[in-house]
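The block underneath contains the structure these notes are about, expressed in structure tokens.
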């Protein structure tokens, strides 16, 4: 049976060729996140699902995926074509077995998703990234994306991870002066505990965490 979204806007198979690039290639940042539209919910039970191009609720969106199965679970985002029949592609999730996590997608244009679920079913909830004002701490488990916040400058952040696999912490800032608005502040494997001084390039910003264990990020006084 073909996967069918709870929102009936999109269901059909499409053909896509891929070229790997980062998630921020398709959007330029304003000074503040725009208001978000209604969430989009998807569900699937096929081994491979290709969605039609989906208009995201916001150019800055977070997607909560839940996979129930024992096989590979791989999610790729295909952005607008860039010529020569190639599409800009980014791998959002690459896991084995049950998965529950949240990933970040930035695109002004509609996005198509290629979802491989070898042995199980999956759900996806897509919503725009909100705002939290000033943030001094954040914690969670597994992959996650924060809301936008106004960062304090030139401060130390205590970052801890208790898992056994990759641990990556990035900040994504609007109005960044750099070519890419994403900055990696931690890239480690396994348990991690350190104080990192972060100079945020632009504002507001959000955290993007890739992890398999529990983690916390706290501003040090």
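The values are calculated or read from the model by the stated rules, or taken from the named source; none is laboratory data. Bear in mind the structure is a predicted one, so any value in this text is a computation, not a measurement. Here Cβ is always computed from backbone atoms with ideal geometry, including for glycine, and neighbour counts include all displayed protein chains.
What the table shows:
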read-out	value
Any hit, the range 72-80, residues being in contact (Cβ under 8 Å) with a residue 40 or more places away in the chain, under 20 Å from residue 140 (Cβ atoms) and touching a strand residue (DSSP E or B) at 6+ places or on another chain (Cβ under 7 Å)	yes
Residues of the range 119-139 satisfying the condition of being within 19 Å of residue 100 (Cβ to Cβ) and part of a strand (DSSP E or B)	120, 121, 122, 123, 124, 125, 126, 127, 138, 139
Residue that is under 25 Å from residue 63 (Cβ atoms), crowded, with 18+ Cβ neighbours inside 10 Å, at pLDDT 95 or above and more than 16 Å from the chain's Cα centre (by Cα), where the choices are 207, 138, 215	215
Count of the range 104-148 residues which are out of contact with any helix residue (DSSP H, G or I) (no Cβ under 8 Å at 6 or more places or on another chain) and within 22 Å of residue 215 (Cα to Cα)	20
Qualifying residues in the range 141-184 (those that are at pLDDT below 90 and in a strand (DSSP E or B)) - the one nearest to residue 220 (Cα to Cα)	155
Those residues of the range 92-111 which are under 10 Å from the mean Cα position of the chain (by Cα) and modelled with pLDDT under 95, in sequence order	106
